[in-house]
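As structure tokens, the structure follows; a few thoughts come after it.
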Amino acid sequence: MCLSHAYGTPPDHQTAAAVLLRALELGYTHIDSAALYGFGANETLIGQVLSGRRNEFILVTKGGMFRNAQGQREIDGRPEMIKKNCEESLQRLKTDVVDVYYLHRWDKRLPIEESVGALADLVKEGKVKTIGLSEVSATTLRKAHAVHPITALQTEYSLWTRNAEVAVLDTCRELGIAFVAFSPIARGFLGGEPIDPATFPAKDIRLGMPRFQKEHFAKNIHLRDGLSAVAREQGCTMAQAALAWVLAQGQHIIPIPGTTRLDHLEENARAEQVRLSLAAIAKLNDLINPSTVSGARYNPNVQQEIDTEEIGAMR
């Protein structure tokens with residue numbers, strides 16, 4: 001996502017291509033995109049850079065949330081729109097089939113079964129191999145899984161975002177569904193680089209997130225000190241400790257850190273080799289959790305769009 005929009009200023013094409021190609025060299029095998037990312041630009045980038053190496057990775061993308069004719073972000077889960085989104089994504093990605101196709105957001109105007117039925121049709125047509133859901137509750141996941149097997153559920157999960165622990169993680173484990181954790185380094189907050197929302201460019205999506213706003217950020221920034229100390233004790237970086245914590249929560253969990261930088265790409269890849277001690281995991285749980293994080297993860301307008309069990313408004 002961040003190669004095309006969201007955090008900071010996206011890199012130029014040459015830099016973005018270098019990141020993608022180096023990812024394959026390092027052994028990354030899971031490339032995650034969406035029609036929404038850069039309003040199609042991210043899928044186009046992947047198609048241009050990686051279409052000749054299509055058999056080397058699992059390709060996933062998402063539909064049901066996209067740029068509409070008015071140039072605005074829209075959620076539309078009607079079957080005809082999901083199928084239209086998929087056709088356009090396949091063209092941009094320069095492929096005949098994607099390995100997992102997610103419903104990016106549940107369109108609450110429709111029963112989830114209706115949208116999942118459209119995804120199931122895409123499987124029958126051979127355009128997608130399997131289907132997934134993004135940002136849905138355990139209840140919605142069960143309804144969808146009854147219509148067609150769900151391969152993966154994607155939602156935010158990290159030390160500072162634990163909503164999936166309410167019910168979704170256990171439901172995925174029970175049903176044999178992979179849990180794909182996005183923003184496992186907390187949108188850069190748990191990385192080792194200095195972070196100051198005052199320096200974010202105007203279009204950085206974090207500016208609209210309560211945790212990065214002045215009142216909450218002033219409280220949250222101190223959480224990094226404890227993470228830094230644990231990382232030093234464990235002989236790894238802060239980002240690696242954050243990723244290792246996510247990996248330690250279950251074998252069915254797949255974190256997908258994003259980056260625009262080659263050094264961060266390599267740093268993240270090495271997190272797979274980090275094994276946090278039980279004492280370190282316990283210390284991190286005490287340091288960063290729903291009681292110690294200040295601010296909700298989304299503002300009220302965005303929160304209305306998603307369907308996850310929320311732990312409640314954080315202090």
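Both the radius of gyration and Dmax for the stretch 1-137 are 14.6, 43 Å, in that order, over alpha-carbon atoms.
Take every DSSP beta bridge whose two residues both sit in the stretch 1-156; close to 15 percent of them are antiparallel. Given R0 = 25 Å, the distance between the Cβ atoms of Glu80 and Asn55 translates into a calculated FRET efficiency of 0.20. Determine which lysines satisfy two conditions relative to Lys94: a Cα distance under 17 Å, and not lying fewer than 8 residues away in the same chain. Result set, ordered by chain and number: Lys62, Lys83, Lys84, Lys127, Lys129.
Each of Val49, Val180 was scored by other Cβ atoms within 10 Å of its Cβ. Arranged with the fewest first, they read Val49, Val180. Taking every DSSP bridge with both residues inside the chain, close to 15 percent are antiparallel.
Which shape class applies to the stretch 208-287: rounded if a/c is under 1.5, otherwise prolate when a/b exceeds b/c and oblate if not, where a ≥ b ≥ c are the square roots of the Cα gyration tensor eigenvalues? Oblate is the answer for the stretch 208-287, as a/c is 1.5 or above yet b/c matches or exceeds a/b.
Label-to-label distance, Thr29 versus Arg173, with points set 7 angstrom from Cα along the beta-carbon direction: 2.4 nm. Of the residues Ser291, Ser51, Ser137, the one with the fewest other Cβ atoms within 10 Å heads the list, and the complete ranking is Ser291, Ser51, Ser137.
Net length available on complete extension from Arg232 to Leu278 is 15.0 nm, with 0.36 nm assigned per residue and the Cα-Cα distance removed. For Asn42, the shell of other residues with beta-carbons less than 10 Å away shows a net charge of -1, using +1 for Lys and Arg and -1 for Asp and Glu. Ordered by the number of other Cβ atoms lying within 10 Å of each residue's own Cβ, fewest first, Leu3, Leu90, Leu287 fall into the sequence Leu287, Leu90, Leu3. So what is the diffusion coefficient of the chain in µm² per second by Stokes-Einstein at 4 °C and 1.567 mPa s, using a Kirkwood Rh over Cα pairs? For these conditions, the coefficient is 65 µm²/s.
Every read-out reported here was derived from the displayed coordinates using simple, explicitly stated rules and does not represent laboratory data. As the structure is a computational prediction, the values presented were derived from the model and not from experiment. Glycine also receives a Cβ, built like all others from the backbone with ideal geometry; neighbour counts cover every protein chain displayed.
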